[in-house]
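Participant: Okay, handing you the structure first.
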Amino acid sequence: MGKKKRARTKDREKLLAGIRKTDPVPENKKQKGREDVAASRRDSQIIPTLSLRQQRWLYGLGLVLVVSLIAKLFFSSGHTYSLDGASLTARTIMAYESLLDGEFPLWSNRWYAGFPLMQFYPPLFFGLTALLNLLIKDILFSIKIMAFLGQILSGLTAFLLVEEITDDRQAGFIGGL
């Protein structure tokens, strides 16, 4: 068995040596073939390379579409869907009524027999929405505007953060979406 194994190994070596010697394609034609493949790949790209101006236009269009979709969802009639929407509305009304009474809305006696209104939930939302409602006089619309602005600003800050970390505007744009 050892002789048969050695014979097979020698046959393989001879076969490989013959293949190496008789390479049918000369080196200059191999290079030309590689160039043709690269050119055909470049020509058959599905999305062509865009100029910087076209990329900015495309990003702007995408941003307008996303903001429009978000605005449509936020500003539809009635309440916006959320799990704690009733609680947010009630707390905003309490903050607004406290401002109308001339008080800073830190404590409210209108719920739970008295509780710290601006302590357990993020107080900036209630405070800003109550201030906006002093101008608009529509509590639901004020809540929708503040929630919409919060959504837009969170996307913008995510864009800035990802762009700062990765040093790539495209990654920042995707992160901001």
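Computed from the coordinates by the stated procedures, all read-outs in this text should not be read as laboratory data. Because the structure is predicted, anything quoted here is derived from the model rather than measured. Note that we place each Cβ from the backbone using ideal geometry, even for glycine, and neighbour counts take in every protein chain shown.
Participant: Taking amide hydrogens as modeled 1.01 Å from N in the peptide plane, which residues meet the under 5 Å criterion relative to Ser108, leaving out close sequence neighbours?
Facilitator: Phe115, Leu117
Participant: Through the Karplus equation 6.51 cos²θ - 1.76 cosθ + 1.60, θ set to phi - 60°, convert the phi angles of region 153-158 into ³J(HN,Hα) values in whole Hz; use x for Gly and Pro.
Facilitator: Listing the rounded values in order: 5, 5, x, 5, 5, 5 Hz.
Participant: Here's something else I'd like to know. If packing is taken as the mean number of other Cβ atoms within 10 Å per residue, what is the order of 52-58, 95-101, highest first?
Facilitator: Per-residue Cβ counts within 10 Å, averaged per peptide and sorted highest first, yield 95-101, 52-58.
Participant: Based on the mean of other Cβ atoms within 10 Å per residue, sort peptides 59-66, 127-134 so the most packed one is first.
Facilitator: Going from most to least packed, we get 127-134, 59-66.
Participant: Assuming 0.36 nm per residue, please report the length gained on full extension of the stretch Ser68 to Ile165 beyond their Cα-Cα distance.
Facilitator: Going from the current span to full extension adds 32.1 nm.
Participant: Turning to a different aspect of this structure: How long are the three semi-axes of the equivalent ellipsoid of region 91-142, in whole Å, if each is the root of 5 times an eigenvalue of the C-alpha gyration tensor, listed from largest down?
Facilitator: They are 18, 11, 9 Å, listed from largest to smallest.
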